């Protein structure tokens, strides 16, 4: 087994990137990027703390739930979750994030990297209200680089192919998993509480 442990070794092992792969990188949103974000109901946000520990979490909502303030600025609502606030804590320690936007049915994704901060102004949050509830905060992203990622990974995964979707019965429920991992009795009420929260606790 050979390990690639330096940037020079990695660069020497892989072919040089195509010129198009480098020139596609933008410093701000163009109309294609803005349109993609307006269609995206889902993203993954990556963050890290000041000791280099990394984390990636999903965020979702109706298409366009991320607000484009201008060509260099995004606002991501922080709706109700489990209150671990891993991303928010990371941002206070290392204010940089990476975003990956998905649009169902499209193979391409959009990558956005930049600085981040946490805003809690009532006037700012009110437009994000869903089911009468505004988010507790918003993540402001100051864009430094943005580019489209080709669709090879999603094509290989066939992620949008409904014929390959797993049946719910083929994988344990979250309640069962949590009970086992937490070493507590498997209680059907836990599963019901999770399902109820999915129905009434999204916002």
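Taken together, the values in this text are just the output of simple stated rules run on the coordinates, not laboratory data. As the structure is a computational prediction, the values presented were derived from the model and not from experiment. Using ideal geometry, Cβ is built from the backbone for each residue, glycine included, and neighbour counts are taken over all protein chains shown.
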Problem - Evaluated at q = 0.09, 0.15, 0.19, 0.22 Å⁻¹: base-10 log I(q)/I(0), Debye formula over Cα of the stretch 58-203 - result: -0.39, -1.03, -1.26, -1.30
Problem - the chain, helix-only ellipticity at 222 nm - DSSP H runs n ≥ 4, -39,500 (n - 2.57), divided by all residues, nearest 500 - result: -8000 deg cm²/dmol
Problem - Relative exposure of 96, 168, judged by other C-beta atoms within 10 Å (fewest first) - result: 168, 96
Handout entry: Two-decimal log10 I(q)/I(0) for the stretch 67-116, as the Debye equation yields it once each C-alpha is a single scatterer, q = 0.13, 0.24, 0.31, 0.32 Å⁻¹
Key = -0.41, -1.12, -1.21, -1.21
Exercise for the section: Set the Förster distance to 45 Å, then compute FRET efficiency between residue 50 and residue 163 from the Cβ-Cβ distance, nearest 0.05. Expected result: 0.50
Completion exercise
Expressed in angstrom and rounded, the centroid-to-centroid distance over alpha carbons for the stretch 122-153 and the stretch 71-97 is 9
Completion exercise
For 21-30, 85-94, 62-71, 2-11, ranked highest to lowest by mean beta-carbon neighbours within 10 Å, the order is 85-94, 62-71, 21-30, 2-11
Practice task
Starting with the highest mean, order 157-164, 191-198, 130-137 by the number of other Cβ atoms within 10 Å, averaged over the residues of each peptide.
Solution key: 130-137, 191-198, 157-164
Handout entry: Spin-label pair residue 3/residue 199, simplified geometry with 7 Å Cα→Cβ offset, distance in nm
Key = 5.2
Problem - R0 of 30 Å, Cβ-Cβ distance residue 174-residue 153: FRET efficiency to nearest 0.05 - result: 0.70
Completion exercise
With the 8 Å Cα cutoff and a minimum separation of six or more residues, the stretch 22-170 has a relative contact order in percent of 26
